[in-house]
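Here's the structure, in structure tokens; my notes come after.
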Amino acid sequence: MKSCVGIIGLGSMGASLARNLARHGYKVSVYNRTFEKAEEFVKEAPEEGFALCRTLEDLASSLPAPRVVLSVITAGAPTRAAIEELSKYLAPGDLVVDCANSFYKDSMDLGKEMEEKGILFADCGVSGGKMGALMGPSMMFGGSEKAWELCGGVIKDACAKTKGGEPCAARLGPVGSGHFVKMVHNGIEYALMGAIAEIYGLFRREGFSAEECSQIFKKWDEGDLHGYLIEITGKVLSHRDAKTQKPFVDVLKDEARMNGTGTWTVLSAMELGAGAPSVGEAVFERIVSSEEDLRGAFKPSPAPEISLDSSDAMQALYLSSAVIYSEGFDVLEAASKKYGWGLDYSQIARIWEEGCIIRSDFLPKISEAFKHDPSLPSLLSSPIFEKIEEENGQALRRVVARAVLGAAPCAVLSSSLSYFDELTHPLPLNLLAAQRDYFGAHGYERADEPGFFHTEWEEDGREVRRE
Ligand code: 6PG
């Protein structure tokens, strides 16, 4: 019997996705660069009926035409090498879907290369970690309509479903858009995690134990802040280290590592001219956390006392999270404009409702806001989010002020607040515009008259019209 779907790469995500598809009744052909690993994987789950393939050529010949192969290999050079090799055994009209956390521009390049060979290529962001890949991840697909026709059914079967039963997967646009949206998902993930860590840090500074903090997050997870990251924060904080019996978090080094998708989000935001300051601060916080020598160079000064109102903290995290999601959608909008993707933000929020890491009760609200007005200039300008600001703004200001006075790092919380303030109050960067014109004759626009102007600063101060 011919297999229906091929999976190359049996790391934790690939293996879970293969099992997920087998459980949905697909005959799955599997390949891994180290054959023994594939052999072991197939042996471990005889009931799934995997077709074990020793080579990529074997995998290709085990599939009916047009072939559909999901590649779940480490992003970057390994993904490119595997897909290039696989393409030698594929025929025009076959489809390869890159399901790694690849950089979207790499996907666009590889897509063009495959297109020249007549092979269909798609990029699919997969979120939800190992468990999500097994039980139903959120899947962000970028590729042609034709590619989606070939594998949309497979993806919709494998993905998570919203509470209303809709698939948490969709074709978002052409090649590149799937990985771009996944990259922004991860940028949001970084910033939400940063904001949670800062609030946690404030509670610890106030003297709460990890267990007490766990109880707070568990309670918050039952309210408006309900979401996967809040849920796992409660769980992680109550976990005890088996060796020492201490709270698990207390035996870990105060250092966060990263694979880089948050950094890509910030670099892309800068390149596209979109604001994502909270994501940026979250990346810098992780970088600073790893600067062991630098951090060790300072004698800790006595920490000022902090007293935090728990409901203020909850409200601050709530508003900060809203701003962080909004930043993500601002970056998506900039890319959609530049590349002409026509992204549907309501749909993106919907496919993030379940399965992915940033799923939370915000997502149905976001989906609704964009459904109501698809051309919202900013999520924060929607009536739902305006109300969130009205109700929680003062709390976020108080928490940031206390953190600053108490020398507690709060770069993500304060940046989300600043981003909101920058959007709603004068910055005032008209001073910068004047300075640039003074030293560089760069010209400026006036608020009261169309056109482009320059002032002869060093001469008679005369204003001249440039165009
Ligand atoms: C997901 C996660 C996943 C991965 C992150 C971790 O959506 O399932 O985002 O893709 O866990 O890439 O990123 P860092 O290692 O950079 O923290």
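Residues are listed down the side, and each one gets a yes or a no for (1) within 16 Å of the ligand (Cβ to nearest atom); (2) open to solvent by less than 50 Å² (accessible area, probe 1.4 Å); (3) in a helix (DSSP H, G or I); (4) under 24 Å from Gly128 (Cβ atoms):
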position	(1), (2), (3), (4)
Pro300	no, no, no, no
Ala303	no, no, no, no
Asp312	no, yes, yes, no
Ser320	no, yes, yes, yes
Ser326	no, yes, yes, yes
Val331	yes, yes, yes, yes
Ala335	no, yes, yes, yes
Ile348	yes, yes, yes, yes
Gly355	yes, yes, no, yes
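Please pick out the residue among Cys168, Cys159 that is in contact with a Pro (Cβ under 6 Å, 6 or more places away or on another chain), closer than 20 Å to Glu353 by Cβ and surrounded by 16 or more Cβ atoms within 10 Å (Cβ to Cβ). Quick ask: steps written out before the conclusion?
Numbers: Cys168 fails: in contact with a Pro (Cβ under 6 Å, 6 or more places away or on another chain).
Being in contact with a Pro (Cβ under 6 Å, 6 or more places away or on another chain), closer than 20 Å to Glu353 by Cβ and surrounded by 16 or more Cβ atoms within 10 Å (Cβ to Cβ) holds for just one of Cys168, Cys159, which is Cys159.
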(request) Only residues in the range 119-141 that are under 16 Å from Gln347 (Cα atoms) count as the first member; pair them with residues that are within 10 Å of the ligand (Cβ to nearest atom) and charged (D, E, K, R), Cβ under 7 angstrom, at least 6 apart or cross-chain, and list the lot. (result) Gly125/Lys182; Ser127/Lys182; Met140/Lys182
(request) Could you pull out the residue among Gly9, Gly111, Gly76 that is in contact (Cβ under 8 Å) with a residue 12 or more places away in the chain, of a type outside the set (Lys, Arg) and surrounded by fewer than 18 Cβ atoms within 10 Å (Cβ to Cβ)? (result) Gly76
(request) Could you name every one of the helices (runs of 4 or more DSSP H) located completely within the range 26-140 that has at least 3 residues being more than 30 Å from the chain's Cα centre (by Cα), of a type outside the set (A, V, I, L, M, F, W, C) and at pLDDT 95 or above? (result) 35-44, 56-62
(request) Considering each of Ala38, Ala82, Ala51 in turn, give the residue that is in contact with a Leu (Cβ under 6 Å, 6 or more places away or on another chain), of a type in the set (Gly, Ala, Ser) and in the same structural domain as Gly6 (by TED's automatic domain parsing). (result) Ala38
(request) Report, by residue number, each residue of the range 214-230 that is open to solvent by less than 60 Å² (accessible area, probe 1.4 Å), out of contact with any strand residue (DSSP E or B) (no Cβ under 9 Å at 6 or more places or on another chain) and either without any contact (Cβ under 8 Å) to a residue 40 or more places away in the chain or outside the structural domain of Val283 (by TED's automatic domain parsing) (or both). (result) Phe217
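Within the range 79-94, can you find the residues that are at negative phi and either out of contact with any Lys or Arg (no Cβ under 7 Å at 6 or more places or on another chain) or open to solvent by 30 Å² or more (accessible area, probe 1.4 Å) (or both)?
To start, the set of residues in the range 79-94 that are at negative phi comprises 79-92, 94.
Result: Thr79, Arg80, Ala81, Ala82, Ile83, Glu84, Glu85, Leu86, Lys88, Tyr89, Ala91, Pro92.
Output the residues belonging to the range 58-73 that are open to solvent by 30 Å² or more (accessible area, probe 1.4 Å) and out of contact with any helix residue (DSSP H, G or I) (no Cβ under 9 Å at 6 or more places or on another chain). Before the answer, list the steps.
First, pick out the residues of the range 58-73 that are open to solvent by 30 Å² or more (accessible area, probe 1.4 Å): 58, 61, 64-67, 73.
Passing the criteria: Asp58, Ser61, Pro64, Ala65.
The rows are residues; the columns are (1) among the aliphatic types (A, V, I, L, M); (2) more than 16 Å from the ligand (Cβ to nearest atom).
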| residue | (1), (2) |
| --- | --- |
| Pro64 | no, yes |
| Ser71 | no, no |
| Ala100 | yes, no |
| Ala147 | yes, yes |
| Thr162 | no, yes |
| Gly173 | no, yes |
(message) Conditions first: (1) within 16 Å of the ligand (Cβ to nearest atom); (2) open to solvent by 20 Å² or more (accessible area, probe 1.4 Å); (3) assigned to a helix (DSSP H, G or I). Glu368 passes all but one, so which condition is the exception?
(response) (1)
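Evaluate the range 197-208: report whether one residue or more is within 16 Å of the ligand (Cβ to nearest atom), open to solvent by 10 Å² or more (accessible area, probe 1.4 Å) and within 27 Å of Pro277 (Cα to Cα). Give the steps one after another, and end with the answer.
In the first step, residues of the range 197-208 are kept if they are within 16 Å of the ligand (Cβ to nearest atom); the result is 197.
Filter again for open to solvent by 10 Å² or more (accessible area, probe 1.4 Å), leaving 197.
Pick out the ones that are also within 27 Å of Pro277 (Cα to Cα) and you get 197.
Checking the range 197-208: at least one residue is within 16 Å of the ligand (Cβ to nearest atom), open to solvent by 10 Å² or more (accessible area, probe 1.4 Å) and within 27 Å of Pro277 (Cα to Cα).
The values are calculated or read from the model by the stated rules, or taken from the named source; none is laboratory data. Worth saying up front: this structure is predicted, and the values here are computed from it rather than measured. Note that we place each Cβ from the backbone using ideal geometry, even for glycine, and neighbour counts take in every protein chain shown. Ligands, DNA and RNA are stripped out before the accessible areas are found, and what is left, the full protein with its side chains, is counted by its heavy atoms. Shrake-Rupley method; radii C 1.70, N 1.55, O 1.52, S 1.80 Å.
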